[in-house]
1. Test Pro53 against the criterion of being away from the ligand (no atom under 16 Å from the Cβ) and not small (Gly, Ala, Ser), and give yes or no.
2. From the list Val38, Val118, pick out the single residue that is more than 13 Å from the ligand (Cβ to nearest atom), surrounded by 14 or more Cβ atoms within 10 Å (Cβ to Cβ) and over 26 Å from Glu178 (Cα atoms).
3. Could you please find all residues in the stretch 30-58 being out of contact with any strand residue (DSSP E or B) (no Cβ under 8 Å at 6 or more places or on another chain) and in contact (Cβ under 8 Å) with a residue 40 or more places away in the chain?
4. Would you check which residues across the stretch 265-275 are among the hydrophobic types (A, V, I, L, M, F, W, C), part of a helix (DSSP H, G or I) and at pLDDT 70 or above and list them?
5. Residues being under 17 Å from Leu49 (Cβ atoms), more than 13 Å from the ligand (Cβ to nearest atom) and assigned to a loop (DSSP other than H, G, I, E, B): count how many of those fall in the stretch 133-173.
6. Which members of the stretch 5-33 meet the condition of being within 16 Å of the ligand (Cβ to nearest atom), surrounded by 18 or more Cβ atoms within 10 Å (Cβ to Cβ) and among the hydrophobic types (A, V, I, L, M, F, W, C)?
7. Just give me the residues in the stretch 326-352 being more than 29 Å from Thr246 (Cβ to Cβ) and at pLDDT below 95, in sequence order.
8. Go through the stretch 58-78 and report how many residues are more than 20 Å from Gln111 (Cα to Cα) and not in a helix (DSSP H, G or I).
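The values are calculated or read from the model by the stated rules, or taken from the named source; none is laboratory data. The shown structure was predicted, so the numbers you read here are calculated from the model rather than taken from an experiment. A quick note on method: Cβ atoms are made from the backbone with ideal geometry, for glycine too, and the neighbour counts reach across all protein chains shown.
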Amino acid sequence: MALPAELAQLATELAPFVHPALVRRACADDRRGLGVFVTQPLPRGELLLAARPLAAVRVRGRDEDVVERLAELILERLEDPNFAETFWSLSTGDPTERPSQRPKRPRLGEQHERRGQVLRIIAANARGWPSEDEKGLGLWQWHAYMNHAAPMEATCSSVFLGDVLLLRTLCAVEPDEELTNSYCALSAKLQLRRQILRHCGVPLGTSPDAAESEPEDGEGDDEALLPALRALRALRAARAASVDATAAVHGGADAAVARATELWRKVVDLAAEEVFGLQRPTHPIFFPMRAELLQLQLRAARGLGDMAKVAELHQAMAKSLAQEQPMNVEVLAHWIAHLRAVPAVDGHAAVGATGRLTRFWLGRRPGLKVVAEWMESCGLGPRRL
Ligand SMILES: C[S@@+](CC[C@H](N)C(=O)[O-])C[C@H]1O[C@@H](n2cnc3c(N)ncnc32)[C@H](O)[C@@H]1O
């Protein structure tokens, strides 16, 4: 779905913009290479970037097709010296590489080597740019200069308006503070977060979400891990039932559908509130586990066609993700999906949250229909969540 005209116009008004307080320089920890810092204090919500991509593609196909298409586009455009200079300024993801060793321009006659280098730079710097049914991938220059931090520690977050990437501060920042953002979607499960960080070249152990693995039963001595362990048991039961339900529904026969219904009901009925409690979780692995469980429940509720439950679960998901990063675009997407699931639902809290989030990101409050179309254009429509 295309970006609504009102927001496409806003993107044109905002881009291109790079905040004059941003500088790129070496980090004190040399494993991090270069990073983006600020030269003056900035308040929460400050617009840092409104950037069109250096290169970006969208395709209907497999993940590998998107990478291939982006590499082809970059290889073509490397003939342009301005493009080449910016592209070769990006990290290769090799922690031993000194930024000063990055070549200023591609050397001709080394096609094969150059392609390998392009793919390494894509792996370390590209970010997803999906739309409704399309997979997308692209490079946004200053965004690619930024290092990763776990969502709760990140000082910035981004959203798309079409191909314009908006980046804002999530908190006030001081001069010389490094700006960071999370490389992982807020809803990404634990295993996926680790895969993403490994793929991007973030050394395991430098971020809480890269360091932790799923705990084992019996590891419960650590008080902070107890809620996570309870969640883990529920999560494992839900994973198993979801796999069985999918297999059953593909069986097609009435008995198989009845079995799938029974399994989905079992997943939906897992008392997530009880499992997670209402207390503030303290362990970083808790959030991705809770998000995964709620996602499995959402899928099961959709399988059952129980739209009241779907609405309830989108609300639970919005509140859960907001504990990790309140202004994240996925929080907005779940509030919108909540409102769309059951139009008659008492939407007071959802409308209020939607208003706060859209004002934060856009500086204005478009109608709910426009916001819903915006979320679809970012690949965050209800069917994708
Ligand atoms: C998108 S680039 C970020 C900018 C990069 N540091 C540079 O010098 O241009 C991603 C690379 O930065 C490094 N990096 C990013 N976040 C990091 C972190 N939290 N800890 C250590 N290295 C990190 C990794 O080498 C990763 O492959």
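1. no
2. Result of the check over Val38, Val118: Val118.
3. Arg31, Gln40
4. Val267, Val268
5. Matching residues across the stretch 133-173 total 4.
6. Leu22, the sole residue that qualifies.
7. Residues satisfying the conditions are Ala344, Asp346, Gly347, His348, Ala349, Ala350, Val351, Gly352.
8. Total meeting the criteria: 5.
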